[in-house]
1. Mind telling me which of the residues A:Gly243, A:Gly207 ends up being part of a helix (DSSP H, G or I), within 23 Å of A:Ser157 (Cα to Cα) and not assigned by TED's automatic domain parsing to the domain that holds A:Ser129?
2. Looking only at residues in region B:5-26 that are part of a strand (DSSP E or B) and within 12 Å of chain A (Cβ to nearest Cβ), which one is surrounded by the fewest Cβ atoms within 10 Å (Cβ to Cβ)?
3. Give A:Arg198, A:Arg237, A:Arg289 a once-over and let me know the one that is modelled with pLDDT under 95 and among the basic types (Lys, Arg).
4. Which residues, counting only those in region A:155-167, are loosely packed, with under 13 Cβ neighbours inside 10 Å and either part of a helix (DSSP H, G or I) or acidic (Asp, Glu) (or both)?
5. How many residues are more than 10 Å from the chain's Cα centre (by Cα) and more than 9 Å from chain A (Cβ to nearest Cβ) when one looks only at region B:27-36?
6. Mind counting the residues in region A:234-257 that are touching a residue at least 24 places away in the same chain (Cβ under 8 Å) and out of contact with any Ser or Thr (no Cβ under 8 Å at 6 or more places or on another chain)?
7. Residue by residue through region B:37-52, note down the ones that are under 18 Å from B:Ala68 (Cα atoms) and more than 8 Å from chain A (Cβ to nearest Cβ).
Amino acid sequence: MSTTNLGSQTKQPKFDYLEAKTTRETCSFLSQYKDKAKLIAGGTDLLVSMRKKKITPSYLINIKTIPNLDYISYDGESLNIGTLATLSEIENSPLVRDRAPVISNSAHQIGSQQIRNLGTVGGNLCNASPAADMAPSLIALGGKAKLKSLKGERVVSLEEFFIGPGETVLQSDEILTEIQVPNPPPNTQGVYLKLPARTAIDLAVVGVATVVTLDSNRTNIIDVKIVLGAVAPTPIRARGAEGIIRGKFVEENLIEKAAGVAAEEAQPISDIRGSASYRKEIVKVLTNRGLRQALTSALGKI
Amino acid sequence: MKQEIKLKINGEAYEVYVEPWKSLLEILREDLDFTGVKSGCEEGECGACTVLVDGKAVNSCLMLGPQAQGKEILTIEGLKVEGGLHPLQQAFVDHFAVQCGFCTPGMILSAKALLDKIPHPTEEEVRVALSGNLCRCTGYIKIVEAVLAASNKERSK
């Protein structure tokens, strides 16, 4: 009953459609079609890029048809999240909120409800935007990615997963199947702060994840991780800033100093969402704020 | 190569045979005449195309037709109740929350998804739930009022 197509402003790009029922089948398809194929899960980044003609895959492999890849579970040592877990499932998961609230908090800040209901954690990471909102907190918590190919499986630390804008260590026949987040040590609290270009539905101009671990007396900072998003070709650890605070007594001017160093470590570009100098300034603000919030939480939590 | 897609829309079973690159939005509007679902940005930014899929609000422009296989879809057309408007629709009318009406189907469906999950939300929760639906006419105040009123009406019953 199709009438004249008056509605569609953007020309739908054409492709050959494949459905994967297992991760193995996915790897087979990828092996066969290599870079002529793209995986589609939520499609919230992929379809937009295809409509803008930024990428033109000849084959789309639907992986949402793979059952049991959307789990969120805990095995006593790590939180394990299946690659197809949607951002809203992660946002609302009691398990994630309890064990690693900085992750559910990150998911909450992505896009809109509609986007979060479709988009997956695997997609957010594998799309590898330098601004990927799931990356900073997952890296700060020492998260790892399980990658599967026809040759077998390997586990890669998320800190080493990203190699450039839109580029990861994934080989052409590999699929990310699971994210593993090891148990945070006791007295650990974290926060993800994002400055979007508008108030909602937007990419991060700057994203900062701060995770602090205090000693049992809660006077000294045993460990701190500061991960910056959207201000470098990939998410980056602000190791210099971390070094200022790690092992130290909780102190006001240390936070200021660390925030300043984090800003220097950022390597942002100027684009439509903000200039490089603005972004550096915001790194300072969000690192400062993030450290204060994480420390307040860690100090206050009984 | 066309795909056969079987899905449920507003409680009824449908079967379409379409190219796999057609979005759910296109299928709903063009193949099945559910023109209450609006095409806005086709980028997942405006929410005009919002429908509920298995109870969850999604941008139908970002779902491929084959991904709707076996799903239960609710469009604005499905909110009809016996003898009149759905309480949410009535609240939008009563509170002047409709001007040009283009965002309205998406707004109401996002609101429905919220109220089905959280029957008595706070204003903040309403705003977060609707933050994926843009409106160029109203300034949102009346829309938020309408959703809160619809939720309170249920409470006072």
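The values are calculated or read from the model by the stated rules, or taken from the named source; none is laboratory data. Just so it is clear, the model here is predicted, and its values are computed rather than measured. Here the Cβ positions follow ideal geometry from the backbone for every residue, glycine too, while neighbour counts run over all protein chains shown.
1. Numbers: A:Gly207 fails: part of a helix (DSSP H, G or I).
Testing whether each residue is part of a helix (DSSP H, G or I), within 23 Å of A:Ser157 (Cα to Cα) and not assigned by TED's automatic domain parsing to the domain that holds A:Ser129 leaves just A:Gly243.
2. The first filter runs over region B:5-26 and keeps only residues part of a strand (DSSP E or B), leaving B:5-9, B:12-18, B:23.
Subset that is within 12 Å of chain A (Cβ to nearest Cβ): B:5, B:14, B:16-18, B:23.
Working: B:Ile5: 23, B:Tyr14: 17, B:Val16: 18, B:Tyr17: 9, B:Val18: 17, B:Ser23: 27.
So, considering only residues that are part of a strand (DSSP E or B) and within 12 Å of chain A (Cβ to nearest Cβ), the one surrounded by the fewest Cβ atoms within 10 Å (Cβ to Cβ) is B:Tyr17.
3. Values: A:Arg237 fails: modelled with pLDDT under 95; A:Arg289 fails: modelled with pLDDT under 95.
Selected residue: A:Arg198, the only one of A:Arg198, A:Arg237, A:Arg289 that is modelled with pLDDT under 95 and among the basic types (Lys, Arg).
4. If the condition is that a residue be loosely packed, with under 13 Cβ neighbours inside 10 Å and either part of a helix (DSSP H, G or I) or acidic (Asp, Glu) (or both), then A:Glu167 is the only one that fits.
5. First, pick out the residues of region B:27-36 that are more than 10 Å from the chain's Cα centre (by Cα): B:27-35.
Right, trim to more than 9 Å from chain A (Cβ to nearest Cβ) and you get B:27-28, B:34.
Qualifying residue count, region B:27-36: 3.
6. The first filter runs over region A:234-257 and keeps only residues touching a residue at least 24 places away in the same chain (Cβ under 8 Å), leaving A:234-241, A:245-250, A:255-256.
From what is left, the residues that are out of contact with any Ser or Thr (no Cβ under 8 Å at 6 or more places or on another chain) are A:234-237, A:239-240, A:245-248, A:255-256.
Adding up the residues that qualify gives 12.
7. The answer is B:Val37, B:Lys38, B:Cys49, B:Val51, B:Leu52.
Rundown of residues vs (1) within 13 Å of another protein chain (Cβ to nearest Cβ); (2) modelled with pLDDT of 95 or more; (3) surrounded by 21 or more Cβ atoms within 10 Å (Cβ to Cβ), yes/no style:
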site	(1), (2), (3)
A:Ser2	yes, no, no
A:Leu6	yes, no, no
A:Thr10	yes, no, no
A:Glu25	no, yes, no
A:Ser28	no, yes, no
A:Lys36	no, yes, no
A:Lys52	yes, no, no
A:Pro57	yes, yes, no
A:Ile63	yes, yes, yes
